[in-house]
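First comes the structure, then the notes that go with it.
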Amino acid sequence: MIAYLLALTLGATNPAGATAAGAADTAPAQAAGTWLVSDVTVIPADTDEVLPHRSVLIRDGRIVRILAPGAKAKAHGATAIDGRGKYLVPGFVDAHVHLANEGAIRDSKDPRISTLDLGSAHRYDRQVMLGLLKAGVTGAANLGGGARSDEDLLWLREEIAAGRIAGPQLYVGKRINGPRAAVAVQPAATVPASKPEAPTTAADGAAAVRQARERGYDFIKPYQFLNRETYRAVVDEAGRQGMITSGHLPELGCASCADRAFAFAHPMDNIAHSEELTRYARIGSDLAPRDLDVLADAVAERKIAVTPTLVTLKTIVGMYVQRAVPPVPGDWAARVDPVTRIDWAPPANRYLSQAFRDQDGADTFSAGYDFARVLTRQLWKRGVPLTVGTDASLPGLAFGVSVQQEMIELREIGLRPIEVLRAASINAHRLFDPKSGSGAVREGERANLVLLDADPLADLHNVAKIAGVFAQGRWLPMAEIDRRLDEGRAFEQALSRQIQTHPAHPGD
């Protein structure tokens, strides 16, 4: 429901434009070299272990050795990193994000955005990726955009993997949705004709999954307006193709819609919001307490993972109550780019509109957030794997720092700090990339890591105290990340000046 309510200002990407711009960027690939982090406290995160005074050898993108205290490493040619007083943890993963990119800008319907001169060096994309790394985010799962926007992300995924652009490991999801049915107890109106971008038949739904697999998408996002049989076909075909599913539960309340029993009989691998379950609780009840156990038990029994996105609901409630976008933490507000600021301001930001306030059930948003928090706690108690997702760049949620905000949300409902770290790393790797390691700080694992200046187990807020990150096995100290971001300030200021020269709408 959240993603449905979110009005996206940025549209799709022109993949041909991305390729041409990429060809003009002649920056050489950064080699995944050799580093030795000495005398550091290692928090593997796949267990409750804490390993003090270790030396960690990283070579060619992998953790080669974790040496016991006092052991000498054979690390010829390694760059030394002083880990004294620091903590090495797995890199964080935003398991639900909608990444802006240059192709989406070019495809925008707002002339202030679509006419921007972005140059040929992918400066905008680089700034977004660096912002994620600044927050310790070394992995990001994009849960669907326009077809052209996705093309740019698929391209960007390969550029990052090759070391030509610094950024997190990207997992690109293909959203598959149908036309919205008439949601009522009475029979639905005539079902629209099926087409690949909005399938209404099982055959077309399965074909859409196969096409996504052939194009190179990493996972499938079933969306809520698929009718029951098409939804089932998408989920089943994704399983046959070896693709995980992370998305919305199907719509309720029409002749062709699913019901709660059907959705849990044909489960996705991951539910993209706790709010999706809250929506199910509202059918036939008013957030009744008994629904907590019914829903939590159903998720646990079917071994479904959940990305709660509690900070997303909290932010929407904040906009509803305060009639303003909540402040971005610390100095991150200065990092919000001018294009995103347009998306956050009226009229693009529908959460500040009167129409949003007047919709049925708007006065239950706060109760829905409370219910989602309690429900997420019950899921945690039952051992349901939770992941950290943000729905950024929803207004008020900046790329990167919103991951830290969601981690605090999970801490506040009762998870121990180590369990929050696990949700932000291990659980996401198990969901999106189970064949490529666990994501833990262990020998043989990929070096997607965060070096912290303070103990996150003593105070989870310390996840914001970042000394540097290893992204795809390449070391970037915070000073270097900040230097690169600051170099991009002039580019962003130029974008602001361009935006100011165009009216918000044609004829204004």
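Being surrounded by fewer than 20 Cβ atoms within 10 Å (Cβ to Cβ), part of a loop (DSSP other than H, G, I, E, B) and either of a type in the set (S, T, N, Q) or touching a Leu at 6+ places or on another chain (Cβ under 9 Å) (or both) holds for only one residue in Leu485, Leu457, and it is Leu457.
Restricting the search to helices (runs of 4 or more DSSP H) fully inside the range 400-451 and requiring at least 2 residues that are within 25 Å of Thr245 (Cβ to Cβ), at pLDDT 95 or above and touching a helix residue (DSSP H, G or I) at 6+ places or on another chain (Cβ under 7 Å) gives 401-412, 417-423. Would it be correct to say that Ala300 is of a type outside the set (Lys, Arg), surrounded by fewer than 20 Cβ atoms within 10 Å (Cβ to Cβ) and either part of a loop (DSSP other than H, G, I, E, B) or touching a Gly at 6+ places or on another chain (Cβ under 8 Å) (or both)? The answer is yes for Ala300. Only residues that are at pLDDT 50 or above and in a helix (DSSP H, G or I) were counted in the range 13-61, giving 0.
Applying a threshold of 6 Å to beta carbon distances and a minimum spacing of six or more residues, or different chains, the list of pairs starting in the range 49-75 at a residue that is surrounded by fewer than 13 Cβ atoms within 10 Å (Cβ to Cβ) and ending at one that is among the hydrophobic types (A, V, I, L, M, F, W, C) reads Asp60/Ala32. Contact map, the range 420-431: residues that are free of Cβ contacts under 8 Å to residues at least 24 places away in the same chain paired with residues that are assigned to a helix (DSSP H, G or I) and surrounded by fewer than 24 Cβ atoms within 10 Å (Cβ to Cβ), Cβ distance under 7 Å, separation 6+ or inter-chain. No pairs are found.
Every residue, every condition in (1) touching a Ser or Thr at 6+ places or on another chain (Cβ under 7 Å); (2) farther than 29 Å from Tyr217 by Cα; (3) at pLDDT below 90; (4) in a helix (DSSP H, G or I), yes or no:
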position: Leu249; (1), (2), (3), (4): no, no, no, no
position: Pro267; (1), (2), (3), (4): no, no, no, no
position: Glu276; (1), (2), (3), (4): no, no, no, yes
position: Ala296; (1), (2), (3), (4): no, yes, no, yes
position: Leu313; (1), (2), (3), (4): no, no, no, yes
position: Val325; (1), (2), (3), (4): no, yes, no, no
position: Ala333; (1), (2), (3), (4): no, yes, no, yes
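In a loop (DSSP other than H, G, I, E, B), among the polar types (S, T, N, Q) and modelled with pLDDT under 80 - does that describe any residue in the range 190-199? Yes - at least one qualifying residue is present in the range 190-199.
Residues are listed down the side, and each one gets a yes or a no for (1) more than 16 Å from Pro477 (Cα to Cα); (2) part of a loop (DSSP other than H, G, I, E, B); (3) under 30 Å from the mean Cα position of the chain (by Cα):
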position: Lys74; (1), (2), (3): yes, yes, no
position: Gly77; (1), (2), (3): yes, yes, no
position: Gly103; (1), (2), (3): yes, no, yes
position: Leu116; (1), (2), (3): yes, yes, yes
position: Tyr124; (1), (2), (3): yes, no, yes
position: Val128; (1), (2), (3): yes, no, yes
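Taking the criterion of being closer than 27 Å to Arg341 by Cα and out of contact with any Ser or Thr (no Cβ under 9 Å at 6 or more places or on another chain), the residues of the range 402-424 that qualify are Gln404, Met407, Ile408. In the range 80-100, the residue that is surrounded by the most Cβ atoms within 10 Å (Cβ to Cβ) out of those that are over 18 Å from Lys134 (Cβ atoms) and under 19 Å from the mean Cα position of the chain (by Cα) is Ala95.
When Gln186 is tested against (1) at pLDDT 95 or above; (2) over 24 Å from Ile220 (Cβ atoms), exactly one condition is not met: (1). Could you check Gly368 against (1) part of a helix (DSSP H, G or I); (2) within 28 Å of Leu132 (Cβ to Cβ); (3) of a type outside the set (A, V, I, L, M) and say which number it fails? Unmet condition: (2).
State yes or no: is Ile408 touching a residue at least 12 places away in the same chain (Cβ under 8 Å) and buried (at least 18 other Cβ atoms within 10 Å of the Cβ)? Here the answer is no, as Ile408 does not meet what is asked. Going residue by residue through the range 439-462, is there one that turns out to be under 20 Å from Gly173 (Cα atoms) and within 16 Å of the chain's Cα centre (by Cα)? For the range 439-462, residues under 20 Å from Gly173 (Cα atoms) and within 16 Å of the chain's Cα centre (by Cα): absent.
The values are calculated or read from the model by the stated rules, or taken from the named source; none is laboratory data. It should be emphasised that the depicted structure is a prediction, and the values quoted were computed from it without experimental measurement. For neighbour counting, all protein chains shown are included, and Cβ atoms are generated from backbone atoms with ideal geometry for every residue, glycine included.
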